[in-house]
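The values are calculated or read from the model by the stated rules, or taken from the named source; none is laboratory data. Values in this document were obtained by computation on a predicted structure and should not be read as measured data. Don't worry about glycine lacking a Cβ; one is built from the backbone with ideal geometry, like all the others, and counts go over all protein chains shown. Just so you know, the surface numbers come from the protein's heavy atoms only, side chains and all, with ligands and any DNA or RNA stripped out. Shrake-Rupley method; radii C 1.70, N 1.55, O 1.52, S 1.80 Å.
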Amino acid sequence: MKTIYLSPHLDDAVFSCGGWIWEQTKQGQEVEIWTICAGDPPPGPLSDLAAVLHHDWQLGVEAVQIRRQEDKQACRVLGAEPRYFPFQDCIYRTDPSGEPLYQTVEDLFGGLDPQESDLITAVSKQLAADLPLETEVIAPLGIGNHVDHDMVRKAVSRLDRPLKYYPDYPYAREGEGQRILRFLEESPDWQAQFLEISEEGIVHWTEAALQYGSQISSFWSDSDQLEVEIRQFCEISGGIRLWETLEE
């Protein structure tokens with residue numbers, strides 16, 4: 001059976017599940033990674049927040065095109081097939097007047113803007129139309145409360161089909177993410193599937209994550225720290241944990 005991972009951004013599924021994706025493709029399974037917020041920015045000047053992030057990523061106006069290329073390289077490392085949807089990252093989205101919906105870093109983790117209910121509906125309808133019935137679908141839990149992760153989870157949860165969820169890494173590695181993981185472990189409404197990752201799987205997971213050169217400085221001090229922390233996360237989690245809930 002084909003497995004499709006839903007990734008809010010051009011890195012989330014690989015950062016969170018790269019080791020298991022490689023284990024699956026090594027066994028001959030067909031794996032696709034569908035990135036939802038992979039569309040180009042709208043024409044015209046960037047918002048102040050988007051401009052700052054582009055600067056931090058050391059990318060210019062072609063940032064999204066470059067990030068898609070990074071993602072293609074990461075998918076090649078893991079043996080997965082990428083697919084890109086035209087919905088924009090929240091840092092580029094605006095209200096009808098052209099005002100940015102999310103203007104600060106805090107806004108990115110402050111809850112989905114009520115004006116975006118139509119976006120959830122649009123993403124859900126697109127997924128309902130495109131997802132084959134005989135497919136395993138794995139979506140983000142939304143750990144870390146990033147608005148795009150929240151949006152994707154809400155959109156896919158509207159589908160009348162079995163779903164599995166992955167803990168969003170690196171948000172799941174510390175702080176609020178760890179508290180959410182403990183809550184899930186203690187909740188009778190959730191059950192975990194434990195998936196062991198081999199040493200070779202960890203190596204490929206790390207190599208794939210390193211393809212996102214523009215994003216490493218957002219979460220780690222350098223590539224060495226990325227490798228150390230992926231190993232630590234894998235050890236703490238006992239490999240990869242996928243979650244299912246009886247509520248959805």
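A compact table of results
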| quantity | calculated |
| --- | --- |
| Residue within the range 67-82 that is open to solvent by less than 10 Å² (accessible area, probe 1.4 Å), of a type in the set (S, T, N, Q) and at pLDDT 95 or above present | no |
| Residue tally, condition more than 16 Å from the chain's Cα centre (by Cα) and free of Cβ contacts under 8 Å to residues at least 60 places away in the same chain, over the range 70-84 | 2 |
| Those residues of the range 221-238 which are at pLDDT below 90 and assigned to a loop (DSSP other than H, G, I, E, B), in sequence order | GLY238 |
| Qualifying residue in the range 97-110 (condition: surrounded by fewer than 17 Cβ atoms within 10 Å (Cβ to Cβ) and hydrophobic (A, V, I, L, M, F, W, C)) | yes |
| Residues of the range 5-48 that turn out to be more than 19 Å from the chain's Cα centre (by Cα) and either small (Gly, Ala, Ser) or under 20 Å from ASP89 (Cβ atoms) (or both), as a count | 8 |
| Failed item, numbered, when SER218 is tested on (1) of a type in the set (Ser, Thr, Tyr); (2) in a loop (DSSP other than H, G, I, E, B); (3) open to solvent by less than 70 Å² (accessible area, probe 1.4 Å) | (2) |
| Selection count, the range 109-129, where residues are in contact (Cβ under 8 Å) with a residue 40 or more places away in the chain and either of a type outside the set (A, V, I, L, M) or farther than 19 Å from ARG83 by Cβ (or both) | 2 |
| Test: residue in the range 117-129 that is modelled with pLDDT under 95 and at positive phi | no |
| Residue that is farthest from VAL31 (Cα to Cα), among those in the range 85-137 that are among the aromatic types (Phe, Trp, Tyr) and within 16 Å of the chain's Cα centre (by Cα) | PHE109 |
| In the range 145-162, residue surrounded by the most Cβ atoms within 10 Å (Cβ to Cβ) [restricted to those that are among the charged types (D, E, K, R) and in contact (Cβ under 8 Å) with a residue 24 or more places away in the chain] | ASP148 |
| Count - residues of the range 163-173 that are assigned to a helix (DSSP H, G or I) and open to solvent by 10 Å² or more (accessible area, probe 1.4 Å) | 2 |
| Single residue of the range 62-119 satisfying the filter (hydroxyl-bearing (Ser, Thr, Tyr) and part of a helix (DSSP H, G or I)) that is nearest to ILE33 (Cα to Cα) | TYR92 |
